[in-house]
Amino acid sequence: MQKCGRFPFVVLLVCMAAAWLMAAHLSPAVVPGVTAQTDTINFPQWYFESDQAAASLGFAASGAGDVNGDGFEDILVGAPKYSGAVHKAGTVLAFYGSASGLQPGPQWRFDGDQTGAELGFAVAAAGDVNDDGFDDVLLSAPRYNQDHTREGRVYAFYGAPGGLPPTPDWQVESNLVEAYLGWSVAGAGDVNNDGFADVIIGAKWAQQNFFNEGMVQLYLGSAAGLENLPAWTVYGGQAGASLGTAVSSAGDINHDGFADVLVGVPLFDASEEDAGRVLAFCGLVAGLAQTPCWSVTGMQQNGRLGEAVSGGGDVTGDGLDDVVIGAPGQNATVPEAGAVFLFGGSAAGLSTESWWTAVANQSFAHFGAAVNMHHDLNGDSLHDVLVGAYTYSADQSQEGRLYAFYGALGGPGAQPDWIAEGNKAEAEFGFALGSSDVDGDGQAEVLAGAPNYRKETELRGRIFLFEPVPGGTAVDELFLPLVLKN
């Protein structure tokens with residue numbers, strides 16, 4: 001574990017960063033700094049490891065909501081290269097919460113039925129799409145071949161008193177060649193305010209008018225479950241833009257009673273190639289508006305703004321929904337260190353400038369490749385920000401690192417409140433992030449996937465559950481500001 005003192009030129013760097021910040025007209029909440037909390041005492045409360053080599057368990061992870069209605073939240077874990085009934089078809093596991101937390105083994109499992117389809121590439125809580133009092137879930141297999149090569153398939157399973165059913169209640173394919181439907185999946189909230197939760201699905205490489213422009217679709221909930229046809233479809237509008245790489249609920253950013261959504265377009269070319277972009281689409285009676293109600297565009301080549309997005313929570317304590325956006329290719333001083341931006345809610349909607357920014361200082365750490373702000377981790381009623389840097393190297397090469405920044409009035413602090421590391425070379429800890437209150441204590445636990453976690457010579461993959469508490473040892477960490485365009 002890395003343990004280093006502060007550099008002697010830290011004060012100079014911080015002052016330079018503050019001056020640069022003012023010149024760029026960014027929010028003063030952008031965070032310089034040099035210290036952080038290590039994972040010295042941050043041992044996982046629970047973990048589960050694949051029993052099979054090269055399964056990539058932990059590639060996807062998510063809270064599931066409460067699928068069996070017992071008052072405890074549950075989790076989903078994807079292993080897209082697992083061989084169950086079919087070789088390398090993938091699998092998804094569910095672990096049900098209880099007063100004592102999670103059990104050693106899964107309570108539910110669904111195996112893929114097609115080699116190479118990668119079931120478990122993405123998993124998500126769907127909300128209650130049929131309004132029966134039980135939360136539902138989404139799973140994807142983006143390389144699934146039905147009538148078209150790698151068109152992709154997404155499944156929904158509806159919760160019930162006994163938990164998730166053995167077979168899917170709903171499934172959909174893209175009907176487009178090489179679309180990869182299900183590259184991303186998320187609950188959308190109730191975008192048309194009819195009392196049923198809706199879902200949003202991304203197809204990163206779909207094509208309508210432009211090669212690999214990407215596509216996102218909305219499926220509405222109803223008393224019978226999800227509808228069979230999309231209520232709304234948007235394409236990227238630019239070759240190679242990859243719209244739909246990431247999707248998320250956004251809460252109600254314009255305060256009209258309809259839930260809104262976020263869509264990441266990380267390979268969008270603006271003034272710089274692959275600078276990236278994020279769009280928000282606002283809900284209405286028919287579903288979602290066809291044109292975005294908010295957007296932000298990256299300004300740095302290969303910054304890939306929008307590779308990860310998360311919204312629907314109040315981080316700043318003003319009672320309004322905020323959003324968090326990852327740009328894992330961004331850099332201030334070194335290549336692909338990565339950055340995360342928080343845009344705060346206001347009476348007029350989302351802010352047009354970031355209220356808070358964190359940028360890592362290690363080359364190719366990919367800080368911001370995963371972000372999550374869905375829960376309160378420390379029991380103060382504010383949502384907190386999780387950030388993954390899956391190729392971060394401390395005492396092990398590319399072991400990965402996970403950061404938690406606690407919500408506070410005005411926004412998170414300048415330094416992480418909690419950090420954990422993979423502690424195994426090339427584990428890619430933090431590749432997938434989630435949160436869920438599995439023991440019902442009102443304080444959510446953190447999920448972190450490490451799909452390349454090694455047991456002896458085998459890359460099996462692991463999923464970890466942590467109860468975040470601050471550590472106490474300083475390490476070198478430098479956060480500097482970056483510019484975005486709206």
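Observations on the structure shown:
- The set of residues in segment 175-202 being over 16 Å from the mean Cα position of the chain (by Cα) and within 18 Å of residue 145 (Cα to Cα) consists of 175, 176, 177, 178, 179, 180, 181.
- Residues that are in a loop (DSSP other than H, G, I, E, B) and farther than 15 Å from residue 189 by Cα within segment 134-144 comprise 142, 143, 144, listed in sequence order.
- Tally of residues being open to solvent by 20 Å² or more (accessible area, probe 1.4 Å) and under 18 Å from residue 106 (Cα atoms) across segment 438-469: 3
- Among the residues of segment 179-212, those identified as part of a loop (DSSP other than H, G, I, E, B) and among the hydrophobic types (A, V, I, L, M, F, W, C) are 179, 191, 196, 197, 205, 206, 210, 211.
Here's the yes/no breakdown for (1) modelled with pLDDT under 95; (2) of a type in the set (A, V, I, L, M, F, W, C):
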site	(1), (2)
42	yes, no
61	no, yes
65	no, no
85	yes, yes
106	no, no
130	no, no
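- Unique match (being in contact with a Gly (Cβ under 9 Å, 6 or more places away or on another chain) and farther than 17 Å from residue 144 by Cα) among 94, 85, 79, 89: 94
- Filtering 346, 295 for residues that are touching a residue at least 60 places away in the same chain (Cβ under 8 Å), over 30 Å from residue 466 (Cα atoms) and polar (S, T, N, Q) leaves a single hit, 295.
- Residue in segment 209-216 that is open to solvent by less than 10 Å² (accessible area, probe 1.4 Å), in contact with a strand residue (DSSP E or B) (Cβ under 8 Å, 6 or more places away or on another chain), under 30 Å from residue 132 (Cβ atoms) and in contact (Cβ under 8 Å) with a residue 60 or more places away in the chain present: no
- Residues in segment 145-178 that are without any contact (Cβ under 8 Å) to a residue 60 or more places away in the chain, assigned to a strand (DSSP E or B) and either aliphatic (A, V, I, L, M) or within 20 Å of residue 265 (Cα to Cα) (or both): 152, 154, 172.
- If the condition is being within 14 Å of residue 323 (Cα to Cα) and open to solvent by 30 Å² or more (accessible area, probe 1.4 Å), then segment 369-409 contributes 374, 375, 383.
- Checked against the criterion of being in a loop (DSSP other than H, G, I, E, B), at pLDDT 95 or above, among the hydrophobic types (A, V, I, L, M, F, W, C) and buried (at least 24 other Cβ atoms within 10 Å of the Cβ), segment 418-429 contains one or more residues that satisfy it.
- Only listed residue being within 20 Å of the chain's Cα centre (by Cα) and at negative phi, chosen from 308, 286: 308
- Restricting 288, 226, 267 to those that are in contact with a Leu (Cβ under 6 Å, 6 or more places away or on another chain) and buried (at least 23 other Cβ atoms within 10 Å of the Cβ) reduces the list to 288.
The values are calculated or read from the model by the stated rules, or taken from the named source; none is laboratory data. None of the values given here were measured: they were computed from a predicted structure. All Cβ positions, glycine included, derive from the backbone under ideal geometry; neighbour counts span all protein chains shown. Heads up: the accessible areas ignore ligands, DNA and RNA and are worked out on the full protein's heavy atoms, side chains in. Shrake-Rupley method; radii C 1.70, N 1.55, O 1.52, S 1.80 Å.
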